[in-house]
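The block underneath contains the structure these notes are about, expressed in structure tokens.
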Amino acid sequence: MSNTPFFVQHILHTDVDGRARWRQAQLPLTEGKPQARLSPLAASGGYQLRHSPVGFRSEFHCTGDPQWVFILQGRMEIGLQDGSVRVFGPGEHFYSADVLPEGMPFDPQVHGHCSRQLGDEPLVTLFVRG
């Protein structure tokens, strides 16, 4: 068994049946020094900040381009078609890669996820394209 520390990546992805699901992966922290381990440097395609007011709610949708989602302020709920939900708060993150399967028309009863702001403070998120 390796002693290499790792980062747990929570991934929202499209499964073989076209439905969004969660899975986890380990990113080995192979760079840096023993006091501060780092993952290898990954390329990114830019970032965006988003402010969502109290009461924000999206319809079901798929991720256009895979991206990391970091919660900076407030709480974000992600709902899947199977009725499951996960809530992320400040300092938490996930990798959103539930893209629409190629050549398949979007069906809001099958594909994607929905999101909403929870609580009494606005939701501020950072999106970093993968």
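Where a number appears in this text, it was derived from the coordinates with a stated rule and is not lab data. Worth saying up front: this structure is predicted, and the values here are computed from it rather than measured. With ideal geometry, Cβ positions are generated from the backbone for all residues, glycine too; neighbour counts draw on all protein chains shown.
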(message) I need the Kirkwood Rh of the chain: take the reciprocal of the average 1/r across all distinct C-alpha pairs and report it in angstrom.
(response) 15.9
(message) Using +1 at the C-beta of Lys and Arg and -1 at the C-beta of Asp and Glu, which of 103, 87, 122 has the Cα lying farthest in the positive direction of the dipole of segment 41-129?
(response) 122
(message) To check you understand DSSP bridge types, tell me what percent of the beta bridges within segment 1-106 (both residues inside) are antiparallel, rounded to 5.
(response) 85
